[in-house]
Amino acid sequence: MSRLAKKPIMLLQGVTVECKDGELRVGGPKGELIRKIPPEVAFEMSPGEVRVKLVEGLQGSSAILGTHVRHLKNMIEGVTKGFEKKLELEGIGFKAEVRGSELVLNIGFSHQVKIVPPKGVAFAVEKNVITVSGLDKEMVGNAEAVIRSKKKPEPYKGKGIHYAGEVIRRKSGKKVVAAG
């Protein structure tokens, strides 16, 4: 059994957890999240806490327990606080703006790059910082990865889109050799 699965998951006030028909539903002040669960995983509800167990009689890996404990904790955090990730846009003439709900990037191409957010994800732009926020940690991370993939940072000047706080390994440019 996973070490994470041995401990109960404490529920915050205002959070509801429900498991039926192969779906795990977590509701809270910011909204509701739904995730499909495999048949070999069961959730035991008691007032104020939830435990994750393997179903008796079904063959299953105990490694999947730790994964589902983490999914449940992320869902609880998502419906109470939400998730937010930041990207930085670096380069001369590079701009980002939000039009309606979609993100429009001017990143050195002959055309603008438009990114439509997945359901439950919102974009915000302030100067050269793009903020991706939402309830589902996985959706926020995927949206952030899609944005970064449009113009990855290059190693010579660091131009492109990179995660906030990411250290870009720089290469030295061409070396000029003095004529002898």
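The values are calculated or read from the model by the stated rules, or taken from the named source; none is laboratory data. None of the values given here were measured: they were computed from a predicted structure. Because the Cβ atoms are built from the backbone with ideal geometry, glycine has one as well, and the counts that use them run over all protein chains shown.
Going through the range 124-152 one residue at a time, which ones are of a type in the set (A, V, I, L, M, F, W, C) and outside any helix (DSSP H, G or I)?
Residues of the range 124-152 of a type in the set (A, V, I, L, M, F, W, C): 124-125, 129-130, 132, 135, 139-140, 143, 145-147.
Matches in the range 124-152: 124, 125, 129, 130, 132, 135.
Residue 164: under 16 Å from the mean Cα position of the chain (by Cα) and modelled with pLDDT under 95, yes or no? The answer is yes for residue 164. For beta carbons closer than 8 Å, sequence separation of 6+ or different chains, a first residue in the range 119-130 that is in contact (Cβ under 8 Å) with a residue 40 or more places away in the chain and farther than 17 Å from residue 82 by Cβ and a second that is assigned to a strand (DSSP E or B) and of a type in the set (Asp, Glu), the qualifying pairs are 128/88; 128/90; 129/88.
Is the range 1-9 home to any residue that is in contact (Cβ under 8 Å) with a residue 24 or more places away in the chain and among the charged types (D, E, K, R)? Steps first, please.
Start the filter on the range 1-9 by keeping residues that are in contact (Cβ under 8 Å) with a residue 24 or more places away in the chain, which leaves 1-5, 8-9.
Going one step further and asking which of them are among the charged types (D, E, K, R), we end up with 3.
Taking every residue of the range 1-9 in turn, at least one turns out to be in contact (Cβ under 8 Å) with a residue 24 or more places away in the chain and among the charged types (D, E, K, R).
If you go through the range 133-162 and keep only what is buried (at least 16 other Cβ atoms within 10 Å of the Cβ), more than 21 Å from residue 109 (Cβ to Cβ) and of a type outside the set (D, E, K, R), you end up with 133, 134, 135, 139, 140.
Closer than 30 Å to residue 147 by Cα, surrounded by 15 or more Cβ atoms within 10 Å (Cβ to Cβ), touching a helix residue (DSSP H, G or I) at 6+ places or on another chain (Cβ under 8 Å) and outside the structural domain of residue 150 (by TED's automatic domain parsing): does that describe residue 15? Answer is no for this residue. Of the conditions (1) surrounded by 17 or more Cβ atoms within 10 Å (Cβ to Cβ); (2) outside the structural domain of residue 24 (by TED's automatic domain parsing), residue 169 satisfies every one except a single condition; which number is it? Looking at each condition in turn, residue 169 falls short on (1).
Answer yes or no as to whether residue 27 is in contact with a strand residue (DSSP E or B) (Cβ under 6 Å, 6 or more places away or on another chain) and either outside any loop (DSSP other than H, G, I, E, B) or not charged (D, E, K, R) (or both). Lay out the reasoning, then the answer.
Values: in contact with a strand residue (DSSP E or B) (Cβ under 6 Å, 6 or more places away or on another chain): yes; either outside any loop (DSSP other than H, G, I, E, B) or not charged (D, E, K, R) (or both): yes.
For residue 27, the condition - in contact with a strand residue (DSSP E or B) (Cβ under 6 Å, 6 or more places away or on another chain) and either outside any loop (DSSP other than H, G, I, E, B) or not charged (D, E, K, R) (or both) - is met.
Hey, can you tell me all the residues within the range 81-123 that are in contact with an Asp or Glu (Cβ under 9 Å, 6 or more places away or on another chain), surrounded by 12 or more Cβ atoms within 10 Å (Cβ to Cβ), not in a loop (DSSP other than H, G, I, E, B) and not polar (S, T, N, Q)? Of everything in the range 81-123, those that are in contact with an Asp or Glu (Cβ under 9 Å, 6 or more places away or on another chain), surrounded by 12 or more Cβ atoms within 10 Å (Cβ to Cβ), not in a loop (DSSP other than H, G, I, E, B) and not polar (S, T, N, Q) turn out to be 83, 85, 86, 87, 88, 103, 104, 105, 115, 121, 123.
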